[in-house]
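The values are calculated or read from the model by the stated rules, or taken from the named source; none is laboratory data. No experiment lies behind these values; they were computed from the predicted model shown. So basically every Cβ, Gly included, is an ideal-geometry build from the backbone, and we count neighbours across all protein chains shown. Note: areas computed on protein heavy atoms with side chains; ligands, DNA, RNA excluded. Shrake-Rupley method; radii C 1.70, N 1.55, O 1.52, S 1.80 Å.
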Amino acid sequence: MADKKHPITILMADDDADDRLLTKKAFDSARLVNDFRTVADGEQLLAYLRQRDPFKDPDAAPRPGLILLDLNMPRKDGREALAEIKQDPALRRIPVVVLTTSKSEEDVLRSYDLGANSYIRKPVTFESLVEVMKALGQYWFEIVELPPD
């Protein structure tokens, strides 16, 4: 069980700097007390999770309790990163929420087939994004029992 006294780290992987910034602002507006970190692609995501350069310091790269994952990224896309995470015994228990603009039914099905815990289409308005962050916070940090680190 996650310790409710210590905020859980949320790690967002998205290549769009504006989306990362807007999500962080929505996260703050939703008044979530969790630690929010970002990376720009699947390569960085896996380096972070495996504590490889430039994420070797565990204090600078704490293990996330939840990953927000965009599908369409350069170098290693979200589908490839998701497959690697869910095949790795050390990482597969970390919940992964796909947060993407893709409306493709194929992407929805493939994401769940690869082990995604949820699939959310990025909201169009900032207000809607704040509501999504509130709902994510409530569901993942108040209702769900997360596995221990």
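Accessible area per residue for the chain is 55 Å², calculated with a 1.4 Å probe on protein heavy atoms, without ligands, DNA or RNA. For segment 39-111, the gyration tensor built on C-alpha atoms gives a prolate shape. Its axis ratio a/c (a ≥ b ≥ c) is at least 1.5, and a/b is the larger of a/b and b/c.
State, as an integer percentage, the relative contact order of the chain based on alpha-carbon contacts under 8 Å between residues 6 or more apart. Show your work: numbers first, answer last.
Working: 231 pairs, mean separation 40.7, N = 149.
Relative CO of the chain lands at 27 percent.
Cα extents for segment 55-149 along the principal axes, largest to smallest and rounded to whole angstrom: 35, 30, 24. Annotation note: trypsin sites (Lys or Arg not before Pro) in segment 89-149 located in DSSP loop regions with a Cβ neighbour count of at most 15 within 10 Å are Arg92, Arg93, Lys103. Between Asn117 and Asp18, the FRET efficiency estimated from the beta carbon spacing at R0 = 25 angstrom works out to 0.50. Structural descriptor for segment 91-149: relative contact order 33 percent, calculated from alpha carbon pairs under 8 angstrom and at least 6 residues apart.
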